[in-house]
Structure formats: C-alpha cells, structure tokens
C-alpha cells in the first residue's frame with residue numbers, strides 16, 4: 001500500500017471536507033463513503049475488500065497503524081492526514097473516534113453483485129428481515145463471524161451494515177464478513193432462490209408451530225442452512241415466513257415473550273455450529 005502522509009495545519013483545510021460529514025449518514029451514502037472509527041475498525045478496513053479513501057489520525061494512532069498500512073493490499077494508495085486530538089474533534093464534531101478515523105469507499109471493485117459463499121453444515125447463511133437497529137446489525141455480524149457463518153443477506157428495510165455504529169458494534173466484522181443487501185425488487189424472492197439452490201431456509205421465531213433449536217440441531221444438519229431472523233418488534237415478516245421450509249425457536253421462560261434479536265442470533269448460531277461439528281465428526 002502506498003501511503004501519502006500529510007500533516008494538517010488548519011482545520012479548514014479543504015482536503016478534509018469529507019471528514020466533516022461523518023455524522024451525516026445520508027450524505028455519506030450519497031458520496032459513496034462510510035466511516036470506520038477506532039484503531040481496530042480501521043485496521044480491519046485496511047485489510048478488507050473495501051478500498052480506504054483516506055485516514056485522519058493523531059500521531060499516536062498512526063504509530064499503531066504502521067504495520068497495517070505497510071501490509072495492506074498492494075497497489076493501493078491512501079492519504080493519511082495527521083492532526084491533533086483537538087483539531088480532529090473540531091473537524092468531525094464527535095468524540096468517539098479515539099484519535100483514528102478512516103473513510104472507506106462503498107463500491108467494491110469487481111463485486112458486480114456477486115453471490116455469497118454457499119452455506120454448509122455448521123456454517124449457515126444469515127438472512128436479516130427488517131432488522132432496523134444498527135447496534136443489533138453489528139452484534140449479529142459479530143456473532144455470525146464468531147460462529148462461522150458464510151455471509152449475511154439483508155432485506156432493504158435493514159439498517160446499514162456500513163453505518164459507523166454498526167461497524168463499531170461489530171468490532172469491524174461488517175468489513176470482513178461477506179454480505180449482500182437485497183434490492184427492493186429482490187425481496188423476499190431472494191429467499192426462494194436460496195431455497196431452490198438447495199439450502200434449507202429456516203426461520204427463527206417464537207411463533208408456533210416451531211421446533212426447539214436444541215432438537216433441530218440435535219437431529220443433524222447435513223445440508224446448508226439459511227437462518228432467517230426478523231424485525232425487533234414484528235419478527236420475521238409473513239411473506240418471508242411463507243418462503244421458509246421450517247421454523248425453529250429458543251425455549252425461554254413463559255413470562256418472557258421473546259429475546260433480543262442479536263441475543264437470539266448468537267444462541268442459534270452457536271447451536272448450528274455445534275451441530276455442524278458433530279455432523280462432520
């Protein structure tokens with residue numbers, strides 16, 4: 001990676017204009033950008049399939065990033081603007097950056113809307129139906145990466161996985177795990193295509209009839225699974241449920257009607273991983 005180090009003398013430097021809009025997600029999307037904040041997320045951006053547009057860092061953060069900058073994908077060029085903490089906050093307008101911000105380009109060169117890796121036993125595809133909270137999106141991505149999911153499909157009503165809160169909550173795994181946001185014309189038919197390709201499309205829902213996740217996992221999962229998780233309030237939508245071949249649920253106390261979707265995702269993904277390991281063994 002070719003690095004251009006530029007020391008900033010004034011906060012009104014026009015080269016920093018893109019960093020002034022990091023708190024405006026709509027404007028960031030319009031410019032085809034997203035922001036990664038904090039050293040871990042920036043390191044994962046530099047190592048990811050996404051192209052880093054520019055970095056804005058304090059001196060101490062730059063020192064910690066040197067190995068990632070040196071080892072990033074070749075033939076890329078990135079501008080690294082060096083400033084101090086007071087100037088950085090004045091430029092961006094918020095304090096959660098920990099002295100280290102990077103702008104990434106949303107377009108992935110050569111992706112062309114390519115499909116995700118196929119699901120396999122113990123390595124499901126995660127499908128999110130209207131999950132609208134970016135913290136939940138980030139948490140689900142983190143669990144999906146931890147438990148070996150092959151990727152994530154998001155319906156058009158989901159929160160943006162490249163929103164800075166989602167990236168931060170995911171510990172940068174939204175930059176690592178393959179994902180696809182279904183277009184308005186693709187949803188929910190993309191579930192039918194996944195099912196027709198030989199993947200078992202399974203809804204995680206508290207609605208009856210549903211098989212307990214322990215019994216489902218214990219029966220052995222010899223085919224790939226697409227696990228569908230629904231909106232925080234409404235759950236999996238009726239149109240998506242119709243395209244699921246099975247329903248599973250997590251047993252909880254009767255006094256509690258449901259779990260947070262991110263918590264439920266973590267439990268279900270761990271059980272599917274365990275069942276896949278048992279099948280392979």
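To keep it simple, each residue is scored yes or no on (1) under 27 Å from residue 179 (Cβ atoms); (2) free of Cβ contacts under 8 Å to residues at least 60 places away in the same chain.
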| residue | (1), (2) |
| --- | --- |
| 32 | yes, no |
| 40 | yes, no |
| 50 | yes, no |
| 53 | yes, yes |
| 68 | yes, yes |
| 71 | yes, no |
| 86 | no, yes |
In this structure, is residue 82 surrounded by fewer than 18 Cβ atoms within 10 Å (Cβ to Cβ) and in contact (Cβ under 8 Å) with a residue 60 or more places away in the chain? yes
Here is a list of conditions, (1) free of Cβ contacts under 8 Å to residues at least 24 places away in the same chain; (2) touching a strand residue (DSSP E or B) at 6+ places or on another chain (Cβ under 9 Å); (3) in a loop (DSSP other than H, G, I, E, B), and residue 215 meets all of them except one; can you say which number that is? (3)
On the given criteria, is residue 27 touching a helix residue (DSSP H, G or I) at 6+ places or on another chain (Cβ under 7 Å), exposed (fewer than 14 other Cβ atoms within 10 Å of the Cβ) and without any contact (Cβ under 8 Å) to a residue 40 or more places away in the chain? yes
Within the range 121-137, how many residues turn out to be within 10 Å of the chain's Cα centre (by Cα) and either outside any helix (DSSP H, G or I) or surrounded by 24 or more Cβ atoms within 10 Å (Cβ to Cβ) (or both)? 1
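Every residue, every condition in (1) assigned to a loop (DSSP other than H, G, I, E, B); (2) free of Cβ contacts under 8 Å to residues at least 12 places away in the same chain; (3) closer than 30 Å to residue 92 by Cβ; (4) within 21 Å of the chain's Cα centre (by Cα), yes or no:
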{"site": "193", "(1), (2), (3), (4)": "no, yes, no, no"}
{"site": "203", "(1), (2), (3), (4)": "no, no, no, yes"}
{"site": "222", "(1), (2), (3), (4)": "yes, no, no, no"}
{"site": "230", "(1), (2), (3), (4)": "no, no, no, yes"}
{"site": "241", "(1), (2), (3), (4)": "no, no, no, no"}
{"site": "270", "(1), (2), (3), (4)": "no, no, no, yes"}
{"site": "275", "(1), (2), (3), (4)": "no, no, no, no"}
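To keep it simple, each residue is scored yes or no on (1) exposed (fewer than 13 other Cβ atoms within 10 Å of the Cβ); (2) closer than 20 Å to residue 179 by Cα; (3) modelled with pLDDT of 90 or more.
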| residue | (1), (2), (3) |
| --- | --- |
| 242 | yes, no, yes |
| 249 | no, no, yes |
| 268 | no, yes, yes |
| 275 | no, no, no |
| 280 | yes, no, no |
Among the residues listed as 149, 107, 114, the single one being at pLDDT below 95, over 23 Å from residue 30 (Cβ atoms) and assigned to a loop (DSSP other than H, G, I, E, B): 114
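The values are calculated or read from the model by the stated rules, or taken from the named source; none is laboratory data. Because the structure is predicted, anything quoted here is derived from the model rather than measured. Counting neighbours? That spans all protein chains shown, and the Cβs are built from the backbone with ideal geometry, glycine included.
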